[in-house]
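All of the numbers you see were taken from the coordinates with simple rules; none came from a lab. Predicted model only: the values in this text are computed from it and were never measured. Cβ atoms come from the backbone with ideal geometry, glycine included; neighbour counts cover every protein chain shown.
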Amino acid sequence: MEKNRQVGGDTEAIREFPEETLCPSCGKFVGAYEKCPYCGTELKKRMSIIFFKRAALVLAIGGLALLWFTATKIKIPIVRIGDINARMNNAVVEVRGKVVKVSMTGRDGVSFDVDDGSEQVRAQAFRGRSKMRELGNVPQVGDVVSVVGSIQMTEKYGTSLMINIPSRVKVTPARVERIPIGGATLENQNKLVEVVGEIVSARQSGGNIFLSIGDTTGVIDVPLFESDLNRVKDREAISTIGKELRVVGTIDEYRGKPQIKIRDVEKIEVLKDDTIPTNKIPGYEKIREGAEKGKKPGASREGGEGESESQSSVFF
């Protein structure tokens, strides 16, 4: 409420305040102060204002505590991926399953496909890969994971699970079986294995590198794709003929033949010692002869189009 008073020749607007907000001694506005800042008078008959001020503070703190409790203690529902539907859009859920594919995205992102036997869903974090590396919970192919995130459904990208808190990804590492290369057969397709082999041929096509590695039991192809190789500092170290590598990956199929799909290209190990007799690698001379003529076909990611035999080859 305002009223006017005459000051000299001008009219000045004066706002009227409730009496309990004015100092009873000097009459000036003191609001919620318990002591007048102008004359120092103790304001003792102001219990209603003081009470509401303190009550508001208590309620604010209590509300924050309730939100924290709800966010950290409430039980997140575990759902089967095949049961996710449009009514669950934006819901926070937990899914559990096996990782079948992993991709590093952007500068600090990661995405991975989870299969729980009913269906697959892509879990992704646009940020947080560095934090997950610190926590040791960046999933790899074959690992079993428990992931808490919010379901996002869009017409363009379909259904995905957005990870907002990296620590809510729990990883149980997969068991890796060490086998000779000759044991990497199509009967063992999708098995996660570790093999050691000597590079008997290496061909570069664009940014991709196609290796053949062998031991005394057999030879197998190992495709390395540009999107993965971008994370490798020294490509030559993992593609020099005669070098021995230790690789971990899943047994895959391409054109009716087995190949090793690398689990994490950054963890390919170049061995210092020569442990495999080159002359004992089955078909070594034939492979080298075919490689020199540029006749060895390449491999394809995800069973897509492969390299044609007419494409140029570069050997390291």
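Odds and ends about this structure:
- Full-stretch length increase - Leu67, Glu155 - with 0.36 nm per residue and alpha-carbon distance subtracted: 28.5 nm
- Footprinting exposure proxy for Tyr157, Tyr254 (fewest neighbouring C-beta atoms within 10 Å first): Tyr157, Tyr254
- Globularity ratio of the stretch 78-203, using Cα Rg and 2.2 N^0.38 Å: 1.21
- At full extension, Arg246 and Lys286 could sit 12.1 nm farther apart than now, given 0.36 nm per residue minus the alpha carbon distance.
- Lys131 paired with Arg87, simple spin-label distance in nm, labels 7 Å along Cα-to-beta-carbon: 3.2 nm
- Sorted peptide list for 180-190, 273-283, criterion being average Cβ within 10 angstrom, highest first: 180-190, 273-283
- The string of couplings for the stretch 86-99 from the Karplus curve (6.51, -1.76, 1.60, θ = phi - 60°) is 4, 5, 8, 4, 6, 6, 8, 9, 10, 10, 10, x, 9, 7 Hz, one whole number per residue in order, with x for Gly and Pro.
- Cross-link pairs beyond the 21 Å C-alpha cut-off, checked among Lys191/Lys233; Lys191/Lys286; Lys98/Lys191; Lys131/Lys170: Lys191/Lys233; Lys191/Lys286
- ³J(HN,Hα), Karplus 6.51/-1.76/1.60, whole Hz, each residue of the stretch 255-270, x for Gly, Pro: 6, x, 10, x, 8, 9, 8, 4, 6, 8, 4, 5, 9, 5, 10, 8
- Residue order for Phe112, Phe17, fewest other beta carbons within 10 angstrom first, comes to Phe17, Phe112.
- If you take the Cα centroid of the stretch 63-114 and the Cα centroid of the stretch 195-273, the two points sit 34 Å apart.
- Rounded to the nearest Hz, the phi-derived 3J(HN,Hα) couplings of the stretch 272-288 under the Karplus curve 6.51 cos²θ - 1.76 cosθ + 1.60 (θ = phi - 60°) are 7, 8, 8, 10, 10, x, 4, 6, 9, 6, x, x, 4, 4, 5, 5, 5, where x marks glycine and proline.
- Counting neighbouring Cβ atoms within 10 Å and putting the fewest first, the residues Ile220, Ile199 line up as Ile199, Ile220.
- Here the spin labels are modelled as points 7 Å beyond Cα on the Cα-Cβ line, and at Thr41 and Asp264 they lie 7.4 nm apart.
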